[in-house]
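Structure first, commentary second.
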Amino acid sequence: MKTFSNLQKKLAVILFHLLLGTSLFAQAPIDLQPRDVVAFCGDSGQFAEWIGAYLFACQPKSAVQVLVFGDRGGTTKELLDSTCNKAISLSPNVVILCYGMQDGNFQKSNPQTLESYRKKLSQAVQRLKSGGVRLVIITTPTALDPDVFKLKKLPITPEDYSSTLSDLGKVAQDVAKQENAGFIDIYTPMAELIKKAKEKFGPTYLMTAADYVYPDKGSHFILAYTFLKAFGMDGDIGAITLDMASGTATSTAGHKVISSDKGKVELESTRYPFCSSGKSLNPQDPLDPRSILAFFPFNQELNRYLLIVKNASAGNLEVTWGQQSKEFSSDALEKGVNLANEFPDGPFCAPFEAITKEMSRAKSFYNGTANRLLATADETEATIPDSHEVCEKLRKVVQRQSELLKNSGTATPSPVRHVITIAPVAGSSK
Amino acid sequence: MKIIRSIFLALSVLSFSQLLFAAEALQLHKGDIVALCGDSITEQTRYSLFVGTYLVACQPCENLSTINFGAGGATSKSFLETKLSSHVLAFHPTVATLCYGMNDTASCQPGVYAQSMKQIVQILKNNGVRYLLVGSPGVVDTYAYPKTFRGGDSETAVKRNLALGELSKIAEQIAKENSVGFTDIHSAMVKAMQQSKAKYGQEYLFAGSDGVHPDLNGNLVMAYTVLKGLGCNGNIGTITVDMKSGQATATEGTKVISYANGQLALESTRYPFCFTGDPASPSSTTGMLEFIPFNQDLNRYILIVKNSPAASLKIQWGEISKIFTAEQLAAGINLAAEFLKNPFSLPFEKLQETIRKQHLIDTQLVGNASLFNQMAENREKNPEVGGKAFEEDRDALVQFESKVRANSSNKLVPVRHSILMEPAGQP
């Protein structure tokens, strides 16, 4: 009876994931090329940093690089006024436009707002294409959390504003069609998962920042998943195979076996599994991105780092990776267990976090320091006589250092040495 | 009672002058570039702005300028390792002031501070810095700091200030051993904090609402100690009027345009330092004037009236008028202290705003999240390409900063103003 119950649960999970996979995330894959530079321009950027970290560290395509422009509160007006030019200055091949939350002006949907959004998006696509961008992708706006929306006491109901955002999303799709741009619907998966998370955890599980209307950690995870699926990522991070009878081990590209014996493999990896930041202190805490993983198959579809153990010496084995140990049946290990899923605090967490921090710092430079200095150059030239030459030099410095920063993102991730030990559990027989 | 309080204040002010500051002669030379180095308290452009504005407006000597090298979160060690050689020396400062320690007390041992400061002093001395002023760290606010950082335990502020006091002694010792200047910012702030809280209450925020970053009040005390440490003598100018002969003269920086019938017209290219705000507010500079002898020591703009035709005269300067006795006027009154709002207030504010913008640009170039930092990081990641770019780009940034800084100094415009003198009743 117990076995049947577990099977039922597993089937339910598989069915759930299949449903999600087909209904929410199935969109025509957007083909990224090796060495593509992908610029995210939008009103909320953390998911883009995670995508950047994924593309850099997990290396589904070689040397794809992400730049992030724009920040909370951005609108298509800023996109046209400055963000387009900033992005073009670093020669991206692909630009993703993710706007709408502020473009709706927190009003009921109306023709003027929709038309303004349409015009600006169209102009932005045209400008980017004439600036040499191979592919422009437009997304819908992100979704809102009705509970945060109520807390914020905005002058419109969440239902009405959801309707506005939905209409803006339709406009975005139209523009994409007219301008021959790509399109990704990020609104629908985010809205549906917010609904599902609240059904399970209740209204206090806030999916956008408590003081604002932009995605918080959990929903950034959903957005990262949505984009990576849209990019057609296959999720193969690597596989390590140990034959416990012979003590030999093999591994796929990006993972080099340094040594092995019948119960231990030492590896050096330049391809990382994705690691979500944060400790799992509370599975109901939306600030811990792992809490949202129950709702979509991130690790199963995008983050498979498999350990396969052949010729196990016992029925159950204890696997230790980093600081964590877990017990698995020899059957499970024969089929392969996903280390990324089973060991959320694995040895890649710290180096992966360093990469996301690097992404964040780069974003701060492009959007903060570089931006401010370019504005300073303009203001100085307008106010200080005979300053054209030094201002031009400053602009060139900003441009060159931005390029250098961009180029530094194409290096290979630092190698991580790690050890997996596999020990028979006493008393378990095959 | 008022007399006793005045005596107490006078004594405390006197002790300030005698105990805390070392430089006896002006240490600045014409054209000096003064590097103001420190942490976020320097980067927030308050005391550093006061020092920068004073050096341009009050002109202890000609053509002085400042560069703000403040960086949020900086310790003496981080400054030594990441900024000193790559950032500061690129600008070839001839004078430097140091104010580190606030973050050192949070993150490192006094030994690390001592070792780092020693090396900083040596590197600056060996690289063209003619005069170096080591400042001790400031204070944390005894009211706000525990609330912000330590859940209300007032002992934490006491302990932190003791730790800052320890670093202050180390700073003084290092300055002595290396024959460079020292200014005791810490003791000056401790004293001013005690006095201001005694007057306005313990909740008066001397060292800022977070307890660490002072508002304008605490920053004026810091600026006072730094300017004293640079040896500024406070002579802004003297205007002398002989009402009997009808003769008027003025010292360098102030030109007599005309004098007749008690009406004196002047044009000045040297300003007194100007103060703002409600004395009771931490966001003011006026509130500190009774606790530090800023006007006496650094801001003497003296009017001497000889042969007054009356026992007392009404003196009008700008929109304000006050009555003084003939004896007071014959001995000389300090216009800067007596007329806090005066004809220089607005031009001073405009000049300060220009220098503030320059300091903000400095921090964009060399501060915490700055272009120089990125250049250094790019050089580290890619020594070949980034290293070559660093050399070239550094020079471009120095040229840009130099242009902006020159412009901020040039914003000192001549101020026309008049002083009206007429017989008055009893003062």
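Only the coordinates and a few stated rules stand behind these numbers; no lab work does. Predicted, not measured: the structure shown is a model, and the values here were computed from it. Cβ placement follows ideal geometry from the backbone for every residue including glycine, while neighbour counts extend to all protein chains displayed.
At 1.306 mPa s and 10 °C, plugging the Kirkwood radius over alpha-carbon pairs of chain B into Stokes-Einstein gives what diffusion coefficient in µm²/s?
Taking Rh from Cα pairs, D becomes 70 µm²/s.
Which of B:Arg130, A:Arg395, A:Arg118 has the fewest other C-beta atoms within 10 Å, and how do the rest follow up to the most?
Fewest-to-most Cβ neighbours within 10 Å comes out as B:Arg130, A:Arg118, A:Arg395.
Considering amide H positions built from the backbone, and no H for Pro or chain starts, which residues 5 or more places from A:Gln65, or on another chain, come under 5 Å of its amide H?
A:Asp36, A:Val37, A:Val38
Looking at the square roots a ≥ b ≥ c of the eigenvalues of the Cα gyration tensor of region B:2-229, which shape do they give, rounded for a/c under 1.5, prolate if a/b is larger than b/c, or oblate?
Oblate is the answer for region B:2-229, as a/c is 1.5 or above yet b/c matches or exceeds a/b.
For chain A, what is the calculated [θ] at 222 nm in deg cm²/dmol (nearest 500), taking -39500 (n - 2.57) for each run of four or more DSSP H residues and dividing by its residue count?
One gets -13500 deg cm²/dmol as the mean residue ellipticity at 222 nm.
Between A:Lys262 and A:Ser130, 0.36 nm times their residue separation minus their Cα-Cα distance comes to what?
Taking A:Lys262 through A:Ser130 to full extension adds about 41.6 nm, to one decimal.
If the cut-off is a Cα-Cα distance under 18 Å, which aspartates and glutamates reach B:Lys77, setting aside same-chain residues fewer than 8 apart in sequence?
Counting by Cα, and skipping residues close in sequence, B:Lys77 has these aspartates and glutamates nearby: B:Asp39, B:Glu43, B:Asp104, B:Glu166, B:Glu172, B:Glu377.
Under 19 Å between alpha carbons, and skipping anything fewer than 8 positions from A:Lys335 in its own chain: which lysines qualify?
A:Lys335 reaches A:Lys10, A:Lys262, A:Lys264, A:Lys310, A:Lys326, A:Lys430.
Quick one: 3J(HN,Hα) in Hz for region A:362-374, Karplus 6.51/-1.76/1.60 with θ = phi - 60°, rounded, Gly and Pro as x.
Here the 3J(HN,Hα) series is 4, 4, 4, 5, 4, 8, x, 4, 4, 4, 5, 6, 5 Hz.
Just want to confirm a number: the relative contact order over chain B, from Cα pairs under 8 angstrom separated by 6+ residues, in percent.
RCO, chain B: 18 percent.
For chain A, find the longest principal axis of its Cα atoms and tell me its angle to the long axis of helix A:158-178, 0 to 90°, nearest 10.
Tilt of helix A:158-178: around 80 degrees.
For a footprinting-style exposure proxy, rank A:Met244, B:Met102, A:Met207 by other Cβ within 10 Å, fewest first.
A:Met244, B:Met102, A:Met207
How many nm separate the modelled label positions at A:Glu199 and B:Glu155, each set 7 Å beyond the Cα in the direction of the Cβ?
5.4 nm
Taking a cut-off of 17 Å between Cα atoms, list the lysines near B:Lys125, but don't count ones fewer than 8 places away on the same chain.
B:Lys125 reaches B:Lys83, B:Lys176.
Would you mind computing, in nm to one decimal, how far apart the modelled labels at A:Lys396 and B:Thr249 are, each placed 7 Å from Cα along Cα→Cβ?
Those two pseudo-labels are separated by 5.5 nm.
Hey, what do the phi angles of region B:289-296 turn into as Karplus ³J(HN,Hα) couplings, whole Hz, using 6.51/-1.76/1.60 and θ = phi - 60°, x for Gly and Pro?
For region B:289-296, the Karplus curve yields 5, 7, 9, 10, x, 4, 5, 5 Hz.
Grab the beta carbon distance between B:Lys125 and B:Gln173, set R0 = 22 Å, and tell me the FRET efficiency rounded to 0.05. Walk me through the intermediate numbers first.
On the way: r = 16 Å, r/R0 = 0.74.
Taking R0 as 22 Å, the efficiency between B:Lys125 and B:Gln173 is 0.85.
As an exercise, identify the GluC sites (Glu not before Pro) in region B:236-323 lying in DSSP coil whose Cβ has no more than 12 other Cβ atoms within 10 Å.
Details: sites: B:Glu252, B:Glu267, B:Glu290, B:Glu319; in loops: B:Glu252, B:Glu290, B:Glu319.
Passing both the DSSP loop test and the Cβ count: B:Glu252, B:Glu319.
Each residue of region B:250-258 in order: what ³J(HN,Hα) in whole Hz does its phi give by Karplus 6.51 cos²θ - 1.76 cosθ + 1.60, θ = phi - 60°, with x for Gly and Pro?
8, 7, 3, x, 10, 10, 7, 8, 6
Using Cβ contacts closer than 10 Å as the measure, can you line up A:Thr83, B:Thr238 from fewest to most? Mind dumping the intermediate values first?
Values: A:Thr83 27, B:Thr238 16.
Ranking A:Thr83, B:Thr238 by Cβ neighbours within 10 Å, fewest first, gives B:Thr238, A:Thr83.
Measuring from label point to label point, each 7 Å out along Cα→Cβ, what is the A:Asn180 to A:Ala423 span in nm?
6.4 nm
To the nearest 0.05, what FRET efficiency results for B:Glu380 and B:Glu319 with a Förster distance of 56 Å applied to their C-beta separation?
0.45
Could you list the square roots of 5 times each eigenvalue of the Cα gyration tensor of the protein assembly as shown, that is, the equivalent ellipsoid semi-axes, sorted largest first and rounded to whole Å? Working shown, then result.
Working: eigenvalues 792, 196, 137 Å².
That gives 63, 31, 26 Å for the three semi-axes.
Decide, for region A:102-258, between rounded, prolate and oblate: order the square roots of the alpha carbon gyration tensor eigenvalues as a ≥ b ≥ c, take rounded if a/c falls under 1.5, and otherwise choose prolate if a/b is larger than b/c, else oblate.
Judged from the Cα gyration tensor, region A:102-258 comes out oblate (a/c at least 1.5, b/c at or above a/b).
Which entries in the list A:Lys363/B:Lys403; A:Lys170/A:Lys229; A:Lys150/A:Lys177 go over 27 Å, if you measure between the two C-alpha atoms of each?
A:Lys363/B:Lys403; A:Lys150/A:Lys177
Where does helix A:111-130 land angle-wise versus the long Cα axis of chain A, in degrees 0 to 90, nearest 10?
Between the helix axis and the principal axis of chain A, the angle is about 80 degrees.
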